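Chemist: Pasting a structure here, questions to come.
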Amino acid sequence: MRLIRLLCLPILITGLALFTSAQEDEKWYYGWNPADEQVFAYTANGDTRVLLEAGFDEVTHLRRIDRRNAVGVVARGIQGDPQIYFLTPDEARLITPTFDPQILEDLEPTYYLHAFNDQYAVFASTYDMGGATGFLADFNTGTLDLLGEDKIILNVGSTHFSEDGAFLRYISLDDSGEDRVWSLRERTLATGEERIIYSGEGYPVVQGGTFGEHWLVYEAHQVEGNWIRTFLLLDTMGNSEIVAESTQDHQVIARMVGDHVAVFPVNCSLNCPITLISLSERNERTFNAPPGDDVQNPLEVPDAEHLLVLNDDTLYVLEEAAEPVSIGGYFPQNLGQQLQQLFSPDKRYMLVLTLDEAGEPEGYGVWDFASERLVVDNVPEGYLFVLIYYSDSGFIVTEGLQKFYLYRYADEKLIELPEEADYCFEVLSDGDVLCNVGPEDEGISPGIYRYNSVNGELTLLVENGRALAP
C-alpha cells in the first residue's frame, strides 16, 4: 500500500504565499492553479510563492531559462489578450511593448516563443513557416521591441544568440515586393543596431550552427542550361566558401549538424561516403553510409567519434572505418516530441523505437551512446506513443501519458511510477520525482507531489497546482 503524507503547506489562495530562504542554487519550478487561476513558483521542498493573482486562465509557451527563471505567455480571462511575462521566484515581470499599441491590435499576436538566452527572448506574432512579425523581449528592462521591419523566419536553426550574449543573428524576409529578399542579420543587443551579413533572393534555405558563428546557404543557378546547386559556408564577417556543389552528374547535399557540415551523395546505394566537416577544428572525417536507396539524413554528432544518421526510418550510428550500427527507428507518429527533444541535453542518451523483423516499430528504448547499448527496452501493452523528459539525475519515459517510468543514472534502474501520477516531469538528485496528480484520482487531492520511489510515499507540495515549464 502506498503511503500518502500531506505536508502543512499553504493552499494557493489569493494573497497567500510562503516565503522561505533558499540556497542560491536551489531550483525553482512554475505552475498554474486552475481553481484560483493563479501562477506560482515552488521548490521541491515545498516553498511556494504566488506570482500572479486570480484571473489568469491560460499559460502557454512557458520555458525555463535557468535553474531559477522562466519566460512565458499568459492570458487573463477567456477573451484576454496574451501577455509576455518573465518569471522569477520573487515576481512575474510584465514585458511591456515600446511601440505603437495599434500594431498589436492589427496583428492580434498569439506570441510564439522562437529562441531565448538568459536575458532576451525572440517571439513571433504567430507560428508561420512563411515568416511572421518578430519581437525581442528584454528581461532586464522589461520591454518588448519590434525585431526589424521585415518578417522573421522560423525554420530550425534560423535564429541564434552569440555565445557571449552580445549579438542576435537571425534571418529576415521582405516579401512586400514582387521578388522576395531575405537577409542574414546581426543585431547588437546593447544598442539595437543591426547590420546585414548576407542577403539573397527567393525563400531562404539557410541553417546556422551553434551560436550562429557559421551559416550554410543553399543557392541554385543555371550554367549552359544545367542547374548547379551550391552550398556556401558563411561566417559572421560575410566571408564565404563553397563546401559542396551538386550537378546533374554528381548530386550531393550538405547539411548543418550542430557545429559540423555533413556532405553526402544522392542516388547512391552502395559504398557511399558521408564527409563530416568540423567548423571548430576545420578537419574532415569520412563515414560509411548505411545501405539503401533513400537519401541519408545526418541528425546529430553525439560525441567526438560518432555520427547519427536516419535512413528509411532507421537510425544508424556511424564510426570511422566501421560498419553502420542500427540502434532503432524514428517514426514521428509514435513519438510525441520533436526530434531534438529525444536527445538528452548532453547528447549521451536518445529515445528510439525498437523494430521487429519487418522493420516496423514494436516498442521503444533509450540508447546510451557512451556504452553503445539500450539502457531501456520496453514493449507497451497498448498503442505505441512515447515521450521522454530528461533531468540532471535521470529521465522519465511515459507510454501515452498513461504509464510513467523512472530511470536514475546513479543506479541504472527502471522503476514504474505510481498510477496516481498522470504527469511526472523531474528526477531530483536524491532519486525522488516530481509529479502531477489529476482530479480523477479518487481519495487523493489533485496537485503537485513529490514521490519517493524507495518507500512509495507521495508528499503533497501544492494543492490544486499543475506544473509548468519543468
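Laboratory data are not the source of any read-out in this text; all were calculated from the coordinates shown. Just so it is clear, the model here is predicted, and its values are computed rather than measured. So basically every Cβ, Gly included, is an ideal-geometry build from the backbone, and we count neighbours across all protein chains shown.
Chemist: Separation of region 396-470 and region 157-178 by C-alpha centroid, Å?
Modeler: The distance from the Cα centre of region 396-470 to that of region 157-178 comes to 39 Å.
Chemist: Report relative contact order for region 292-443 in percent, whole number only (criteria: Cα-Cα under 8 Å, sequence separation at least 6). Working shown, then result.
Modeler: Details: 296 pairs, mean separation 17.3, N = 152.
Relative contact order of region 292-443: 11 percent.
Chemist: Quick one: plug the Kirkwood hydrodynamic radius of the chain (C-alpha pairs) into Stokes-Einstein at 25 °C, 0.890 mPa s, and report D in µm²/s.
Modeler: 100
Chemist: Shifting gears a bit: Taking Cα pairs under 8 Å and at least six residues apart, what relative contact order does the chain come out at, in percent?
Modeler: 10
Chemist: From Cα pairs below 8 angstrom and at least 6 apart in sequence, can you work out the relative contact order of region 385-470, rounded to a whole percent? Let's see the in-between values first.
Modeler: Working: 190 pairs, mean separation 16.2, N = 86.
The normalised contact order for region 385-470 reaches 19 percent.
Chemist: Here's a follow-up. 7 Å from Cα along Cα→Cβ at both D312 and N155: what's the point-to-point distance in nm?
Modeler: In this crude label model, D312 to N155 measures out at 2.8 nm.
Chemist: Moving on. Count the lysine pairs in the chain whose Cα atoms lie under 25 Å apart, taking only pairs 8 or more positions apart in sequence or on different chains. Mind showing how you got there, number by number?
Modeler: Details: K27/K347; K27/K413; K347/K403; K347/K413; K403/K413.
Pairs that pass both the separation and distance tests number 5.
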